[in-house]
Amino acid sequence: LIVLGFGLLIGLHELGHFIAAKWSGIRTNAFAIGMGPVVLAWRGGIGLTVGSTKKKTISRFGKDASEMSDAELETCGLSETEYSLRLLPIGGFVSMLGQEDDKPGAVSVDPRSYNKCPIGKRMIVVSAGVVMNLLLAAVLFIGCFQAGVRFEAPVIGQIIPNSPAAEAVAA
């Protein structure tokens with residue numbers, strides 16, 4: 001249950017980044033739940049695969065989808081995003097064109113890259129994960145209050161003679 005709970009929390013957090021990136025017009029190459037090796041992946045035009053869709057994409061089209069232009073993806077009938085479930089349930093990520101965390105000096109000249117997006121939209125993309133977490137918390141909070149919590153009302157068993165409680169009851 002803990003793994004499922006964290007998976008839901010992480011999935012919605014990353015979904016926030018993903019939706020904001022799509023709204024901003026940023027190309028998203030990957031949406032992953034978990035870290036490490038890919039267990040299952042899906043890409044429009046390829047379908048569901050065990051492991052990454054990269055091998056099938058390269059065998060059919062000669063190169064990986066992340067190396068194709070938007071026009072090439074459309075011609076091949078491929079989605080720009082690979083959705084994957086990974087082996088280690090300890091996180092997740094959205095891979096956006098032009099956002100290279102391990103290579104901060106690397107930039108992309110593509111107009112749909114993260115670094116070419118206006119700063120205001122980038123702020124929304126970065127903040128969207130936290131906003132989704134807050135929305136989830138609000139929904140769960142409302143749900144808990146709607147469902148209610150049953151508990152026994154406090155009952156006084158006995159009052160000790162000559163105690164403050166005895167004096168309060170006598171007054």
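The values are calculated or read from the model by the stated rules, or taken from the named source; none is laboratory data. Given the structure is predicted, the values throughout are model-derived calculations rather than measurements. Methodologically, a virtual Cβ is constructed for each residue, glycine included, from the backbone with ideal geometry; neighbour enumeration extends over all protein chains shown. Side chains are part of the model used for accessible areas, which takes the heavy atoms of the whole protein and leaves out ligands, DNA and RNA. Shrake-Rupley method; radii C 1.70, N 1.55, O 1.52, S 1.80 Å.
What residues have an amide H closer than 5 Å to that of Gly92, excluding those fewer than 5 places away on the same chain, when H is modeled at 1.01 Å from N in the peptide plane?
Correct list: Gly34.
Could you sort Lys121, Lys55, Lys103 by accessible area so the largest value comes first, with the probe set to 1.4 Å?
Numbers: Lys121 75, Lys55 170, Lys103 115 Å².
I get Lys55, Lys103, Lys121, largest accessible area first.
For Cys144, what accessible surface area do you get with a 1.4 Å probe? Give it in Å², rounded to 10.
Rounded to the nearest 10, the figure is 80 Å².
Under the rule of at least 5 residues apart or a separate chain, name every residue whose amide H is placed under 5 Å from the amide H of Ile26.
Amide H to amide H, under 5 Å and 5 or more residues apart or across chains, Ile26 pairs with nothing.
How would Phe141, Phe18 line up by accessible area, probe 1.4 Å, largest first?
Largest accessible area first, the list is Phe141, Phe18.
Where does each of Asp70, Asp101 land when they are ordered by accessible area, with a 1.4 Å probe and the largest first? If you can, show how the numbers build up before the last one.
Details: Asp70 60, Asp101 130 Å².
Sorted descending by solvent-accessible area, the residues read Asp101, Asp70.
In the calculated pair distance distribution of the range 97-171, what percentage of Cα-Cα distances lie above 22 Å?
Value for the range 97-171: 63 percent of Cα pairs lie more than 22 Å apart.
³J(HN,Hα) across the range 82-93 via Karplus (A = 6.51, B = -1.76, C = 1.60, θ = phi - 60°), whole Hz, x for Gly/Pro?
3J(HN,Hα) across the range 82-93, in whole Hz: 9, 9, 9, 10, 10, 5, 9, x, 10, x, x, 6.
So what is Rg over Rh here for the range 5-68, counting just Cα atoms and using Kirkwood for Rh?
Details: Rg = 13.2 Å, Rh = 13.2 Å.
Result for the range 5-68 is an Rg/Rh of 1.00.
Take the alpha carbon atoms of the range 70-132, find their radius of gyration, then divide it by 2.2 N^0.38 Å using N residues; give the quotient. Walk me through the numbers on the way to the answer.
Numbers: Rg = 14.1 Å, N = 63, 2.2 N^0.38 = 10.6 Å.
Output field value: 1.32.
Looking at the P(r) of the range 131-171, how many percent of alpha-carbon pairs lie beyond 12 Å?
Working: 597 of 820 pairs.
Roughly 73 percent, rounded to a whole number.
At 20 °C and 1.002 mPa s, what whole-number value in µm²/s does Stokes-Einstein give for the translational diffusion of the range 4-138, with Rh from the Kirkwood sum over Cα pairs? Provide the component values of the computation, followed by the final result.
On the way: Rh = 15.5 Å.
Estimated diffusion coefficient is 138 µm²/s.
With every protein chain present, what is the per residue accessible area of the range 1-135 (1.4 Å probe, Å²)?
On the way: 7740 Å² over 135 residues.
For the range 1-135, the per-residue accessible area is 57 Å².
Which residue, Thr49, Pro164, Trp23, has the largest displacement toward the positive end of the dipole of the range 18-171 when charges sit on each Cβ (Lys, Arg +1; Asp, Glu -1)?
Highest projection toward the positive end goes to Thr49.
Taking the alpha-carbon distance from Lys63 and a cut-off under 24 Å, which lysines remain once sequence neighbours fewer than 8 residues away in the same chain are dropped?
List returned: Lys22, Lys54, Lys55, Lys103.
At 0.36 nm per residue, minus the direct Cα-Cα distance, what do Leu136 and Ile19 gain on full extension? Give it in nm, one decimal, please.
Extra length available between Leu136 and Ile19 comes to 40.6 nm.
With helices defined as uninterrupted DSSP H runs, which ones in the chain have an alpha carbon span along their own long axis of at least 30 Å and mean Kyte-Doolittle hydropathy of at least 1.0?
Qualifying helices: 2-24, 119-147.
So for the pair Lys103, Ser127, with labels modelled 7 Å out along Cα→Cβ, what separation do we get in nm?
Here the answer is 3.1 nm between the modelled labels.
Tell me, what is the 1.4 Å probe accessible area of Trp23, in Å² to the nearest 10?
Estimated to the nearest 10 Å², Trp23 gives 150 Å².
Accessible surface of Ser59 in the full protein assembly, 1.4 angstrom probe, to the nearest 10 Å²?
We get 90 Å² for Ser59.
Out of the total accessible area of the chain (probe 1.4 Å, heavy atoms of protein only), what percent is carbon and sulfur? Present the calculation step by step, with values, prior to reporting the outcome.
Working: 7650 of 11340 Å².
With neighbouring chains kept in place, the figure for the chain is 67 percent.
Taking only C-alpha pairs under 8 Å that are 6+ residues apart, what is the relative contact order of the chain in percent?
Worked out over the chain, it gives 29 percent.
If you wrap a convex hull around the C-alpha atoms of the range 104-147 and split its volume per residue, what is the figure in Å³?
Considering the Cα atoms of the range 104-147, their hull volume per residue is 81 Å³.
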